[in-house]
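Working notes for the structure below.
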Amino acid sequence: MSQLSRTFSIEDLRRQARRRLPRLVFDFIDGGAGDESTLRENSRAFENWVLIPRVGVDVSERDLSVNILGRPSTLPLILAPTGLAGFFWPNGEVHALRAASEAGIPFCLSTNSIASMEGVAAALPDSERWFQLYMLKDKGMLDSMLDRAHAAGYCVLCLTIDLPIQGRRERDLRNGFTLPLRPRVKSVWDVARRPQWLYGLARNPVSFGNFGGLGGGATSIAQHVATLFDPAATWDDFARVRERWKGQFVIKGVLHPDDARRAAALGAAAVIVSNHGGRQLDAVPAACAALPGVVNAIGGQAQIILDGGVRRGTDILKALALGASACMIGRPFLWGLASAGPAGVARTLKIFRDELDNGLALLGVRSLKDISGDYIRWKDTLGSEVEGGPRA
Ligand SMILES: Cc1cc2nc3c(=O)[nH]c(=O)nc-3n(C[C@H](O)[C@H](O)[C@H](O)COP(=O)(O)O)c2cc1C
């Protein structure tokens with residue numbers, strides 16, 4: 001049995017990734033900001049909700065497909081934009097796009113990818129791909145990224161607005177995580193013990209592909225962000241990006257209902273409820289805790305995508321029951337990628353598909369399109385629903 005065939009859950013893939021990657025690289029993926037309370041809460045908060053199944057329903061045929069931005073998707077999943085994917089496995093961005101494409105779901109390339117947007121597009125010209133953009137100080141560079149993404153066939157622009165500066169990710173600070181890697185003495189042995197990963201790195205040197213390289217010397221991601229990204233950007237600047245972009249437009253990184261309304265008013269086809277996987281401001285609500293407020297505020301004006309902490313098929317069922325159209329996954333597919341490259345991403349998607357299919361049948365629903373608020377309750381309100389009220 002291969003290592004991969006022994007993975008039955010996303011947590012199993014996380015453990016595999018931990019074995020394969022040097023600790024400081026694993027920590028870059030795994031970690032969050034500050035005390036990591038938001039990071040933990042993103043997954044844990046799903047437990048505040050419970051699913052209420054119905055029985056006696058014919059669930060012999062099931063349909064997991066949904067509509068995302070007007071296109072069919074075989075699953076309510078999108079691979080989230082994640083910087084440095086090609087650092088975890090050679091050509092990681094292309095492998096992730098291929099796995100998404102083969103599974104029939106969208107993939108979103110990060111501004112901070114290792115491969116360039118053109119290189120990724122050329123590898124799979126017929127795939128559905130989104131491009132994620134951060135607000136850049138250099139307006140010429142920002143416009144050029146928009147034009148390049150359009151020319152390279154990216155159909156959706158995902159503007160991430162929750163990163164004016166980078167959050168304080170203490171694992172990275174302690175590990176001295178930089179690109180290229182300059183491991184501290186304590187990490188040298190740990191890196192040297194991963195010859196397979198090092199061999200991959202030698203074959204696929206690190207670069208910020210969309211920026212034409214790394215710049216000089218070793219740079220922390222926070223320095224890269226401070227040099228290039230625009231902490232002064234406001235809604236007027238977001239509107240300017242929207243006007244210039246010729247395709248569909250979505251906004252990522254919203255938690256407050258009023259910001260969700262503004263994003264929809266700007267013409268966003270979808271609002272992505274996200275706290276950046278707990279990597280920006282710590283102590284903000286879990287994405288799924290912020291979801292009902294956003295659903296209420298948007299009232300059908302735009303689709304809603306939930307992003308953060310999704311680790312189980314039942315998490316996806318809960319997000320859909322609360323009003324999301326789909327979920328984004330970040331770390332889960334990176335753990336798959338880091339464990340076994342393309343087969344690992346495919347495994348991530350298979351695990352989610354199997355869990356979702358199993359969950360749908362056991363919930364007594366034939367199609368994901370039929371999931372509604374009827375199937376979910378806030379767990380503390382359950383007792384009060386008993387006829388006649390809770391017993392004393
Ligand atoms: C290693 C890593 C890199 C990321 N890079 C980006 C990025 O470049 N752009 C972006 O919008 N979000 C980025 N994110 C955030 C993800 O898009 C997504 O919001 C988050 O991973 C969702 O949480 P999850 O990892 O619990 O699924 C990154 C996340 C991780 C883990």
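The values are calculated or read from the model by the stated rules, or taken from the named source; none is laboratory data. This is a predicted model, so every value here is computed, not measured. Positions of Cβ are generated from backbone atoms using ideal geometry, with glycine treated the same way; all protein chains shown enter the neighbour counts.
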Is it the case, given these coordinates, that Ile68 is under 30 Å from Gly167 (Cβ atoms), aliphatic (A, V, I, L, M), modelled with pLDDT of 95 or more and away from the ligand (no atom under 13 Å from the Cβ)? yes
Determine if region 108-115 includes at least one residue that is surrounded by fewer than 19 Cβ atoms within 10 Å (Cβ to Cβ), assigned to a loop (DSSP other than H, G, I, E, B) and within 20 Å of the chain's Cα centre (by Cα). no
Given (1) touching a Gly at 6+ places or on another chain (Cβ under 7 Å); (2) of a type in the set (A, V, I, L, M); (3) more than 13 Å from the ligand (Cβ to nearest atom), where does Leu157 come up short, assuming only one miss? (3)
Which numbered condition Gly200 misses (of (1) closer than 25 Å to Asp172 by Cα; (2) in contact with a Gly (Cβ under 8 Å, 6 or more places away or on another chain)): (2)
Only one of Ala260, Ala202, Ala222 is part of a helix (DSSP H, G or I), touching a Leu at 6+ places or on another chain (Cβ under 9 Å) and either small (Gly, Ala, Ser) or under 30 Å from Val25 (Cβ atoms) (or both), namely Ala222
Any chance Asp35 is surrounded by fewer than 21 Cβ atoms within 10 Å (Cβ to Cβ) and part of a helix (DSSP H, G or I): no
Could you grab the pairs with beta carbons closer than 8 Å, sequence gap of 6+ or different chains, first residue in region 270-289 and more than 11 Å from Gly167 (Cβ to Cβ), second one outside any loop (DSSP other than H, G, I, E, B) and acidic (Asp, Glu)? Ile272/Asp307; Val273/Asp307; Ser274/Asp307; Pro285/Glu41; Ala286/Glu41; Ala287/Asp307; Cys288/Asp315; Ala289/Glu41
Just need a number here: residues in region 50-96 that are closer than 30 Å to Asn204 by Cα and either in a helix (DSSP H, G or I) or within 16 Å of the chain's Cα centre (by Cα) (or both). 17
Filtering region 296-325 for residues that are under 18 Å from Leu79 (Cβ atoms), assigned to a loop (DSSP other than H, G, I, E, B) and of a type in the set (Gly, Ala, Ser) leaves a count of 4
In region 121-135, what residues are within 14 Å of the ligand (Cβ to nearest atom) and either without any contact (Cβ under 8 Å) to a residue 60 or more places away in the chain or farther than 19 Å from Arg279 by Cβ (or both)? Trp130, Phe131
Leu360 being more than 30 Å from Leu198 (Cβ to Cβ), within 18 Å of the chain's Cα centre (by Cα), modelled with pLDDT of 95 or more and away from the ligand (no atom under 14 Å from the Cβ): no
Any idea which of Ala192, Ala226, Ala202, Ala222 is modelled with pLDDT of 90 or more and under 22 Å from Arg20 (Cα atoms)? Ala192
Suppose we keep only residues that are within 15 Å of the ligand (Cβ to nearest atom) and among the polar types (S, T, N, Q) within region 224-277. Which one would you say is farthest from the chain's Cα centre (by Cα)? Asn275
